[in-house]
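Below you'll find the structure, written out as structure tokens, and then a few comments.
We did not get these values from a lab; they are worked out from the coordinates using the rules stated. Predicted model, so just to flag it, every value in this text is computed and none were measured. Methodologically, a virtual Cβ is constructed for each residue, glycine included, from the backbone with ideal geometry; neighbour enumeration extends over all protein chains shown.
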Amino acid sequence: MLRTLARAALGALVLASVALAPARASACGGLFCGAGANQVVNQVAERILFLARPDGRTTAIVEIQYQGPAPEFAWILPVPGTPEVGVSSSVAFDRLQQRTNPRYTLTAAGTPCSGFRPAGGCSVQATESLSRGGAVDMGFPFQETDPVAILDSGTVGPFDFVTLGVMPDMEDPADVAVEWLDSNGYDVTALGPDVLRPYLEMGMNLMAFRLTNGADTGSIRPLMLTYESERPMLPIRPTAVAAENDMGILVWVAGPSRALPTTYRHLVLNEAALDWRVVGANYPQVVGSAADEAGGHGFVTELATPTEGLVAPPELPTELRDMEAWVGFDAASAIRRALDLLTVAPASFASPPRHYDGVRDVVDALVPRPEGVTVDDVLGCADCVLTPGDLEDFDLRVFLEALDEQALAPVEEFERLLMEQPYVTRLFTTLSPEEMTVDPEFAFTRGLADVSNEHTATMRFGCHGDITSQTLQLADGTEVLMPLDAQPWQDEVPYVLREEQLVVTETASALSLQLDNAPEADERIARHNREIRGQLPSNGGCGAVPVTGAPLLLALLLLRLRAGRA
């Protein structure tokens, strides 16, 4: 029996549609970890990619983050029907995030006073590290006496899964589902029937994932589900069971045109609220505050662009597929070389290098190890811990083919599916548990402008006697005088410049302005600038030069002449 604490996560699913309404793709789920572990799943930011397939289906790729004992891992997903299930790659997510991250660049202009150094430096760049439902005929193969049917089961990557259907005419399908899960080793008490009930009443099924016997948490990787649907949706309500405050949700929606939220507001940030002196380091906090101003229900568009505008992904180590490239290597050296090729550089000095998803499972399955040598030992230095005698039965060709299939192919498929789409939109928000009351839904809409992820501003310096002033000039011409004491100014301006709402009907979609904070923002900045100007010396300015040397003697002589005339 899995003794668990419920920790809801965003997983990939589909939301059934009502008559005459577009089908909706959705993401949701419940992650669980053992109560005995005295910890809950730690999810900093969910990453989800929705892809509108040319054949009318939707693919959702969802990253799973889990911390806890491997035998206690379980993931429950509401889904309709029996989606196609596969695994994807966190490396592909990392590359997509790198290529689409907001970037903030601050340049300097003017000359500060001698010895002055602005906080945060100049000419620097930083990257953010940062529905209604209706019952549907699902065609379940129920026995007359069996309220729950196993519609599908299997193994994909490191996961075993089952897809469950609950008899739609049960008095309370949620109670039936929880009873089945509990009796089959899933303690979902913390998730409970109240969370599952709305989705089951829509006619959705449940998918339950576990790690296969022997797999550890290092094997967990993104899941990919493909299903009949048109409009992406994230059933966020189950996530509130044990979500962190201000949990980040990062969504890419790729399809025929730009995508916007329909059940949440679309937020345009006030860039004056960003701390440009440290090139936007407070960006996540600004987004969170902006979402709070929208009642907790708002997404920021971080990028909206044709996919052809994205930078081409780096070359993959395809020499794994060329056996001639491996001639002359002994088995242990070949293993180490292959693992080195499939090692991802660390994101920072504090992070260790890691391997592509799937590498660990291939090593565990195909590399013979003497007693006492672990998979981690082989991953760290294969030719340090393996001898020719250990590898007498090792088949290098099978090993390389498995690495190709498990590690490289998912990255290539991720890229291929993405580049098949004409357009990609990246959206971001933060949500706390009490705000997870409405499921975010997204729709494609044409005619909207692209959104760049490049943001620039200029810091202009001026010398007022021995006091240096700093004026931040944003790309739209807005100017903000920096406080002389280097204190933050962002709290003085609204975080949201505009709140918009996309309204979708059967025949059209329209973006309407719900709130315009621009006049208030301008007024607050003007008031702030007046206060800072009042702190600057009235004499002197950017061109003022202290009187010294010969000019000083001349000034004294003129004063004496005037005194004599008096």
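So the values come out like this:
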read-out	value
Pairwise FRET efficiency - E405 versus A449, Cβ, R0 = 56 Å, nearest 0.05	0.85
Residues whose placed amide H lies under 5 Å from that of Q67, excluding near-sequence neighbours	N42
J(HN,Hα) series, segment 423-436, from Karplus relation 6.51 cos²θ - 1.76 cosθ + 1.60, nearest Hz, glycine and proline x	8, 9, 10, 10, 10, 9, 7, 10, 9, 9, x, 5, 8, 8
Cα gyration tensor category, rounded, prolate or oblate, for segment 329-411 with a/c compared to 1.5	oblate
L417, L49, L260 arranged by Cβ crowding within 10 Å, fewest neighbours leading	L417, L260, L49
Highest to lowest packing among 263-272, 517-526, 428-437, scored as the average C-beta count within 10 Å	263-272, 428-437, 517-526
Dipole in debye (nearest 20) - segment 329-411, about Cα centre, beta carbon charges: Lys, Arg +1; Asp, Glu -1	360 debye
Residue order, fewest to most beta carbons within 10 Å, for L418, L234, L427, L379	L418, L379, L427, L234
Net length gained if the chain between D383 and N245 were fully extended (0.36 nm per residue, minus Cα distance)	45.2 nm
Separation in nanometres of the label points that stand 7 Å from Cα toward Cβ, at L513 and D160	5.9 nm
Relative contact order, percent, segment 329-411 [alpha-carbon distance under 8 Å, six or more residues apart]	39 percent
Residue order, fewest to most beta carbons within 10 Å, for I236, I150, I61	I150, I236, I61
Derived scalar couplings ³J(HN,Hα) [segment 490-498; Karplus, 6.51 cos²θ - 1.76 cosθ + 1.60; whole Hz; x for Gly, Pro]	5, 5, 7, 10, x, 7, 9, 7, 9
